Structure formats: C-alpha cells, structure tokens
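To keep things clear, I will list the structure first and then write my remarks on it.
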Amino acid sequence: MSSLSINGTVPRIAVAAATGRVGSALISNLRDDAVDIVALTRNPEAGPVTAGISWAGVDFDEPSSLSDALRGADRLFLAHGTSAQQVEHEIALIDAAAAAGVPHIVKLSVMGPASRLHPFDWHMEIEAHLARHDIGYTILRPSSFVDILARAAGPVAEGSWGGAAGDGRVNLIDTRDVADAARIALLDTAHTASQRAYHLTGPATISMPEVADELSRLLGKSVTYQHRTPDEQRAVLTGSGASDLVADVLLGIDRLFRESVLAETTATFEGLTGKAPRSVGAWLSENITAFRQP
C-alpha cells in the first residue's frame, strides 16, 4: 500500500478513543510516519506532550467540538469504549466527519454474525449508518481481544477463575495487531474512496480450558477453568460489582465463545501487514506477572 500524502502536504489523522487500548497503540505506531496526529479525547489536558501529536477535546453534548476537532482531517480512526452511548457517539462522529469533508474513515467494529447481543448489535447499527454516507471507509472487524483475559488475572491468582464459555473455541486477537492493521488502512492512498471490510483474527483458536493449561505451564501450578451456568456466572459478576450492562456484555461474550461463533481463522492480518499475528500464548507470557498471587 502507498504511503499517505495529500496533495504533497503532511496528512492529518484524527484518532478517536485515543487513550483506549487500540487507539493508544495506533498513535504509537503512527509516530514514525510523516503524519500529523490529532488525538480526540474528552480530557485533552491529560494527554502527554509529544511532538507531532495534538490533543483535541470532544464533548458530545457540544456538536461544534466534534466539527472543530475534525477540521482539516484527512482520515478518522473511529473507535469508542463499550457503553450505552456508543451508537449515539459514533454516529455523531461519522456525521461530523462527513460534514467536515473527511474523505476516509477507518472504523473499529467487531467480527460476528447479526446478533441482538451488545455490543455486536451496536456495531451493526453504526456500520449501517456509515454505509449511508457517500464516503470512503474501511471497517475493521476483529475477533474478540485477547486482552479480555486480563479480567481473569485476579481470579486465577485466587484460584476462582471460571465462566460460562464451556469448551467452546475462539480465535483471540491482540489489540496491538488491530492497531497495526488500522495503521495500514489509514496510510493507504490506493482505496481512499473505496468501502471495505476486513475480518481480523489471531493465528489459531483456543478454548478457556486450554488457556488454563497454558497458564498452568507458565505459572508452574495447576490452573482450572471452573465451568458455570450463565446464571451462576451472572451471580459471580454482579457479586463482584459488575453493572447489569457489563454482566450482560460478558455473558454474551461467554455465549459466543461457548457456541464457537468466533472460531473463524483468517489470513487477513498477515496479508495486510506481512507478518504473523501474535498468539494467545505470547500475550500470556508477556502478562504472566498479573496472574501470580501477590
């Protein structure tokens, strides 16, 4: 793919959810590229002072702040943390980008079938709205992030890890790989007006009991994934302080894992970047300290 250059000038890339897992990794990836980065955040004062990066405050109750932040942008990376306002906020950013003349949006979505489960249904609604605009876009549909296993760190250390995923298989992807794919899409000049979608996965499927086996090997002690019914898992989640929304999302993810809905393996990431995606085992090795008992 071509390096991004707009009429011979340094291009401007706006990154929404700049402090999120994918957004922050994306900004780090783009630092060595000849681009200006504007990081969109609700709290711009908290952004680090870094050459080539400016921080723009966005307030979804003030539409003009979205227009101001996107003025002069050549690309928008669109992401949002999972919340009840996700659809409203992402649609507002899409509309603001279209009004500002941004020629291409790279939207972080999710892989999976049509579903009533959150946030899958939210992404479907946002994608449908994006498709109504006469604008170029790239939709990144990754499988579930391997980072979701970070929620298991405390329970693993305490010997209480479990869930309702059963023996189902899932292909987990590293958020850094999603950021790598986003960088490629943002720097591409060959398909500015095109409307495309990429399904991104890790290298292989895994089950939660197999994750437990890998943790056992890395920790040098026996780790077991405790099988629970959805009702039992809901009680555990709400008992630990999770809101009903968070419990619904996590139980929905467990259901998709249990039914092996996200067991697809694609070669898309390697085709885009020329390198193999990171494995679950590699992520666990890098983060194993969090799973050790304090």
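The values are calculated or read from the model by the stated rules, or taken from the named source; none is laboratory data. From a predicted model like this one, the values you see are computed outputs, not experimental measurements. A quick note on method: Cβ atoms are made from the backbone with ideal geometry, for glycine too, and the neighbour counts reach across all protein chains shown.
Points to keep in mind about this one:
- Test: residue in region 197-205 that is crowded, with 20+ Cβ neighbours inside 10 Å, β-branched (V, I, T), farther than 30 Å from I13 by Cα and in contact (Cβ under 8 Å) with a residue 24 or more places away in the chain: no
- There is no residue in region 53-65 that is surrounded by 14 or more Cβ atoms within 10 Å (Cβ to Cβ) and at pLDDT 95 or above.
- Test: residue in region 182-190 that is of a type in the set (S, T, N, Q) and surrounded by 15 or more Cβ atoms within 10 Å (Cβ to Cβ): no
- Residue in region 108-117 that is on the phi > 0 side of the Ramachandran plot and at pLDDT below 95 present: yes
- Residues of region 8-41 satisfying the condition of being in contact with a strand residue (DSSP E or B) (Cβ under 9 Å, 6 or more places away or on another chain) and among the charged types (D, E, K, R): R12, R21, R31, D33, D36
- Residue count for region 176-214, restricted to those that are in a strand (DSSP E or B) and either within 18 Å of the chain's Cα centre (by Cα) or closer than 25 Å to R31 by Cβ (or both): 5
- Within region 1-45, restricting attention to residues that are more than 14 Å from A79 (Cβ to Cβ) and of a type in the set (S, T, Y), the residue that is modelled with the lowest pLDDT is S2.
- Any pair with Cβ under 6 angstrom, 6 or more apart, that starts in region 253-278 at a residue that is under 15 Å from Y198 (Cβ atoms) and aromatic (F, W, Y) and ends at one that is part of a loop (DSSP other than H, G, I, E, B) and at pLDDT 95 or above: F269/P277
- Those residues of region 88-126 which are part of a helix (DSSP H, G or I) and more than 19 Å from P142 (Cβ to Cβ), in sequence order: E88, H89, I91, A92, L93, I94, D95, A96, A97, A98, A99, A100
- Region 135-173 - residue that is surrounded by fewer than 19 Cβ atoms within 10 Å (Cβ to Cβ) and aliphatic (A, V, I, L, M) and, of those, nearest to A267 (Cα to Cα): I148
- For the condition within 30 Å of R132 (Cβ to Cβ), touching a residue at least 12 places away in the same chain (Cβ under 8 Å) and of a type in the set (S, T, N, Q), T175 qualifies.
- Selection status of S67, of a type in the set (S, T, N, Q) and farther than 20 Å from A25 by Cα: yes
- Selection count, region 215-235, where residues are touching a residue at least 24 places away in the same chain (Cβ under 8 Å) and surrounded by fewer than 19 Cβ atoms within 10 Å (Cβ to Cβ): 9
- Residue ID - nearest to the chain's Cα centre (by Cα), chosen from residues in region 257-281 that are among the acidic types (D, E) and more than 18 Å from A179 (Cα to Cα): E264
- Any hit, region 89-101, residues being surrounded by fewer than 15 Cβ atoms within 10 Å (Cβ to Cβ), at pLDDT 95 or above and under 22 Å from I184 (Cα atoms): yes
- Selection within region 71-85: residues that are at pLDDT below 95 and farther than 13 Å from D36 by Cβ. The member of this set that is surrounded by the most Cβ atoms within 10 Å (Cβ to Cβ) is H80.
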